[in-house]
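Report on the structure given below.
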Amino acid sequence: MPVSAGSPPGTIQGLGSGFSWKDGILHCREVSLEGMAREFGTPLYIYDSEGIQARIREFRTAFQGVGFLLAYSVKANGNLAVLNRVGRAGAGADIVSGGELHRAISAGIPPERIVFAGVGKTVPEMEAALEAGIYAFHVESEGELKLLEEVASRHGVQAPVGIRVNPDVESPTPHEYTRTGHAASKFGIPVAKALELYRSAPDYPHIRFRGIDVHIGSQIVKVEPYLAALETVLSMVDRLADEGVELEYLDLGGGFGVGYSGEPGLPLEELATRVIPPLTSRGLKLILEPGRSVVGHAGVLLIRVLYRKESGGKTFVITDGGMTELLRPSHYGGWHRIVPVQLRPDARHRTVDIVGPVCESGDFLARNRELPLPEPGDLLAVGTAGAYGFTMASNYNARLRPAEILVEGGAPLLVRHREKVEELIRGESIPSYTRDSGDSAT
Ligand code: LLP
């Protein structure tokens, strides 16, 4: 198996450093994945608590030269236990819905560390966030600003706001769906319009303009697009300051790329070196909203091989996990390392497709992948699945969403139970027939 050059000995490329083989069996820290499969079943999400907390420390260390809030992006992994540990490590949250607000607060993240983005906030969501007392709303249209003014006025409060600016930069993300910084995306407000809104502050007595925000995309491994976006918003900050509009923070968003196959992710220190001086000189606090780069490497999806078959010159390895558990390969062409849990030095290597049980040809976890040929019953671990794994899981084909385990202090802690069939139909009902139902069969 490939071992990463610059990583600690034994590190498996494309898996976090918390995962390694011990005596031929893959472990998360001291806990065997074979044992966890036996105890909790598969498919199973496994998160390395220490790995998550270490990443947050890395961010805090890199940005210690500036007033800093790490607003962890809940959409990457919103499990309550994960959010709780993220909060205890000093982070806040970047949310995009009332549901994420509820999750963050239920997990103990202080509301004054929460920022709320999203192009389609509703009145109940605004009300809930105002009542909670979040740090800032990241407003994405003039219509939203007007509505927020109305809602805040009705509640007799001022809403803290940062305008999410669309800086019109090209962000080189691996898939067009994860680019958000170009003018033709639905996100943010163009620079000229955003300046106009800040200047019209007197028209919004229940809005307090507190900061400015950009988020240019996801899985970006280069510093340059961030610097281009930074330059744009800093020049806005300076113009506004000249006109007497003082802002308190600059949010540079998230999107920091990770190495799915072991390649380097975004160089944090380099970003910090370039970003800190212009912020400190202006007395601005920095907010970052990383999601993937906090939890991605700290998670794997553990699956079991059900069957193997040959067809059309291909070898299919059919597992109990697929697009309903991990959508990324199918939806974005995302590439995830897949490794055997039990090392078999004598296994033949073959090129295979690893597919799930879902009734879609697009249901695959890997295509044309060279792998030690797994046997039915074998366990496989899908790497870098801590981000956008469980949060994008679905019940399609009436499949049960997997259990989630947090490995901490040498123990596997069940932090979400495997969904049960009863839960699948919870909330549904069958209306009783009336004369007008049009069915005469009974
Ligand atoms: N802030 C905002 C406003 C966002 O929209 C996002 C991600 C983030 C922060 C966090 O980005 P991160 O640091 O995790 O890259 N499902 C896709 C990724 C979608 C990202 C959406 N927004 C994937 O699996 O690649």
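Tabulated data for the structure shown
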item: Residue in region 85-97 that is most open to solvent (accessible area, probe 1.4 Å), counting only those that are part of a helix (DSSP H, G or I) and in contact with a strand residue (DSSP E or B) (Cβ under 9 Å, 6 or more places away or on another chain); result: R85
item: So L326, is it modelled with pLDDT of 95 or more and not in a loop (DSSP other than H, G, I, E, B); result: no
item: Selection within region 372-401 - free of Cβ contacts under 8 Å to residues at least 40 places away in the same chain and out of contact with any strand residue (DSSP E or B) (no Cβ under 6 Å at 6 or more places or on another chain); result: A398, L400
item: Some residue of region 407-429 being part of a helix (DSSP H, G or I) and touching a strand residue (DSSP E or B) at 6+ places or on another chain (Cβ under 7 Å); result: no
item: I287 being within 30 Å of H138 (Cα to Cα) and either of a type in the set (S, T, Y) or touching a Gly at 6+ places or on another chain (Cβ under 8 Å) (or both); result: yes
item: Candidate set: region 129-143, residues that are surrounded by fewer than 18 Cβ atoms within 10 Å (Cβ to Cβ) and farther than 23 Å from P290 by Cβ; chosen: the one farthest from the ligand (Cβ to nearest atom); result: E131
item: Some residue of region 150-167 being of a type outside the set (A, V, I, L, M, F, W, C), in contact with a helix residue (DSSP H, G or I) (Cβ under 9 Å, 6 or more places away or on another chain), open to solvent by less than 40 Å² (accessible area, probe 1.4 Å) and in a strand (DSSP E or B); result: yes
item: Pair list, Cβ < 7 Å and 6+ apart or interchain, from region 316-334 residues that are more than 13 Å from P43 (Cβ to Cβ) to residues that are of a type in the set (K, R) and open to solvent by less than 30 Å² (accessible area, probe 1.4 Å); result: G334/R328
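The values are calculated or read from the model by the stated rules, or taken from the named source; none is laboratory data. Being a predicted model, the structure only gives us computed values, none of them experimental. Cβ sites come from the backbone with ideal geometry, for glycine too, and all protein chains shown count toward neighbours. Heads up: the accessible areas ignore ligands, DNA and RNA and are worked out on the full protein's heavy atoms, side chains in. Shrake-Rupley method; radii C 1.70, N 1.55, O 1.52, S 1.80 Å.
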